[in-house]
Each structure stands twice: as C-alpha cells, then as structure tokens.
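The values are calculated or read from the model by the stated rules, or taken from the named source; none is laboratory data. What you are looking at is a predicted structure, and each value in this text was computed from that prediction instead of being measured. Glycine also receives a Cβ, built like all others from the backbone with ideal geometry; neighbour counts cover every protein chain displayed.
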C-alpha cells in the first residue's frame, strides 16, 4: 500500500487527494476492510491523508493452461483449466462433481 500511496502522491503533487478509486479482483485474496485500515495508516502525513478509499471489486480472471483462453471467474479454487471451449472442460466438471 505504501508504494501505491507514494505513486499517487508523486502524480498529484502538490495537490491534495480527495478520493482514491481502487479496483481489485474478487479472487485476489485481499479483504477490503484490511485495505481500508492499511490505507488510513499509510496515508498519514501525505497528500492522501483524509482521502476516501473507494474499493471496486471486479470478477477475477482465470487462464486456461490447456487452450490459453482467459475468462472471468469468481472462484479462486477452480483449476487453471477453465475455458468453456476447452476439450478438457468436461473431464474437469466430472472430477468436481465426483468430489
């Protein structure tokens, strides 16, 4: 978070920041409340101090190791073979339904 604060501050200097829009994918494993706490600490004494943090959660992206297709996903536990058009899709679905 410190590097993000530093980069924003360098970009806007000497202005002050009112709001930071932060986009994070839902499979990143980052808790929004933890980001808010960290942001509050890291912005003290900077041009971002007192700024609002607007966290926008977006679906993650998965990459199919078999066919190379990228697609949106909300499930970080899925294997890398996720492409609907992939010839391995049916075997993966069968493996998950058998579990």
Restricting attention to the stretch 38-57, the residues that are exposed (fewer than 13 other Cβ atoms within 10 Å of the Cβ) and at negative phi number exactly 5
Is it the case that the stretch 41-60 has a residue that's assigned to a loop (DSSP other than H, G, I, E, B) and at pLDDT below 85? yes
Of everything in the stretch 16-37 that's part of a loop (DSSP other than H, G, I, E, B) and at pLDDT 90 or above, which residue is farthest from residue 61 (Cα to Cα)? 16
